[in-house]
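Undergrad: Sharing a structure with you now.
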Amino acid sequence: MSKEYTFIEVSNQASIGIIKLNRPNVLNAINRPMVTEIVKATEAFDRDDSVKVIILAGNGRAFAAGADIDEMAEAGAIEMELLNQFTEWDRLAWVKKPIIGAVQGFALGGGFELALCCDVLFAAHDTEFGFPEVGLGVMPGAGGTQRLTKLMGKSKAMEWLLTGDRMSAQEALHHGVINRIIAKELLLEETLKFAHKIAQQPSLSLRLIKESVYKAVDYSIYEGMQYERKNFYLLFASHDQKEGMRAFREKRKPNFKGE
Ligand code: CO8
């Protein structure tokens, strides 16, 4: 466990980098130093060749109950503009390795937005998602209106964002916001199992698949397919493509090197 972080716990378990939010007294409310730490740890794992997949998790009663309201309550608009804090959050979208969220309890406001930065989301039965910002006289500011709408469509997203109502894990699953619901006591174990499964795959393929899927979210189908094709061609420059196809023909397991 690393000593360089105050608001998160960081560990590395056999090619899986794990980041746990750790402010349980305030339900992991996300203050600015915590964002800095999350981004720093995620980028460090992204650069670390021994790590293939990153897990982002909460603890106790929450993944995170939102941005730290105490930190924001007295802020002014110009101060916020000059602080420009969201450029730091934006860096999470540049992380190349798969990020799997393991969420439990409250995933509200900025906590929900952080969960939506993950590529795959597993949630415990007790998870409650929501954007209560409307009731605080504000609105989501770290991608909530955009990412939720892309995931569940305009009408449903509008409903959750305008009411501030909470969404159960079951509803989130139904609307394609999360991948799986898992018993709380097995959440980390099952997430790790999934992460290890992905980690067996050649890392260049993982990287370019992730990149291509996000193009599908933002590009037209034609532009997205051109992008996909270039990435497909690029993989033919890799050792792992030669090894993967050779191993298939020789009826043996491939030995991937991540290059
Ligand atoms: N910020 C600061 N402190 C919090 C937060 C929060 N978001 N959430 C909970 N806490 C604190 C409480 O103040 C309390 O502290 P204390 O014990 O010192 O009084 C402690 O955590 C436990 O909370 P509760 O006593 O309220 O626990 P309950 O079980 O009664 O209620 C709830 C749990 C329903 C989750 C309740 O705490 C709650 O409503 N929290 C606020 C949820 C919310 O409104 N989130 C949105 C915040 S705004 C936002 O996220 C904007 C995102 C955009 C940008 C991100 C920038 C970084």
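The values are calculated or read from the model by the stated rules, or taken from the named source; none is laboratory data. Note that the coordinates shown come from a computational prediction; the quantities given were computed from them, not determined experimentally. As a convention, Cβ positions derive from the backbone with ideal geometry for all residues, glycine included, and neighbour counts pool all protein chains shown.
Undergrad: Going residue by residue through the stretch 26-44, is there one that turns out to be in the same structural domain as Ala183 (by TED's automatic domain parsing), surrounded by fewer than 23 Cβ atoms within 10 Å (Cβ to Cβ), hydroxyl-bearing (Ser, Thr, Tyr) and assigned to a loop (DSSP other than H, G, I, E, B)?
TA: For the stretch 26-44, residues in the same structural domain as Ala183 (by TED's automatic domain parsing), surrounded by fewer than 23 Cβ atoms within 10 Å (Cβ to Cβ), hydroxyl-bearing (Ser, Thr, Tyr) and assigned to a loop (DSSP other than H, G, I, E, B): absent.
Undergrad: Under the condition of being touching a Ser or Thr at 6+ places or on another chain (Cβ under 8 Å) and part of a strand (DSSP E or B), which residue from the stretch 88-105 is nearest to the ligand (Cβ to nearest atom)?
TA: Applying the filter and picking the extreme gives Gly105.
Okay, residues lined up against (1) of a type in the set (Val, Ile, Thr); (2) out of contact with any helix residue (DSSP H, G or I) (no Cβ under 9 Å at 6 or more places or on another chain):
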residue	(1), (2)
Thr145	yes, no
Lys150	no, no
Trp160	no, no
Gln170	no, yes
His174	no, yes
Lys184	no, yes
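Undergrad: If you scan the stretch 225-239, which residues turn out to be under 26 Å from the mean Cα position of the chain (by Cα) and not aromatic (Phe, Trp, Tyr)?
TA: Met225, Gln226, Glu228, Arg229, Lys230, Asn231, Leu234, Leu235
Undergrad: Would you tally the residues in the stretch 44-58 being more than 16 Å from the chain's Cα centre (by Cα) and either within 15 Å of the ligand (Cβ to nearest atom) or in contact (Cβ under 8 Å) with a residue 60 or more places away in the chain (or both)?
TA: The qualifying residues number 1.
Undergrad: Which of the residues belonging to the stretch 131-166 are within 14 Å of the ligand (Cβ to nearest atom) and crowded, with 20+ Cβ neighbours inside 10 Å?
TA: If the condition is that a residue be within 14 Å of the ligand (Cβ to nearest atom) and crowded, with 20+ Cβ neighbours inside 10 Å, then Phe131, Glu133, Pro140, Ala142, Gly143, Gly144, Arg147, Leu148, Trp160 are the ones that fit.
Undergrad: Quick check, is Lys97 out of contact with any helix residue (DSSP H, G or I) (no Cβ under 8 Å at 6 or more places or on another chain) and modelled with pLDDT of 95 or more?
TA: No; evaluated as a whole, the condition is false for this residue.
Undergrad: Which of the helices (runs of 4 or more DSSP H) found entirely inside the stretch 128-221 contain at least 1 residues meeting this: closer than 30 Å to Phe236 by Cβ, at pLDDT below 95 and not assigned by TED's automatic domain parsing to the domain that holds Ala62?
TA: Filter on the stretch 128-221 gives 203-218.
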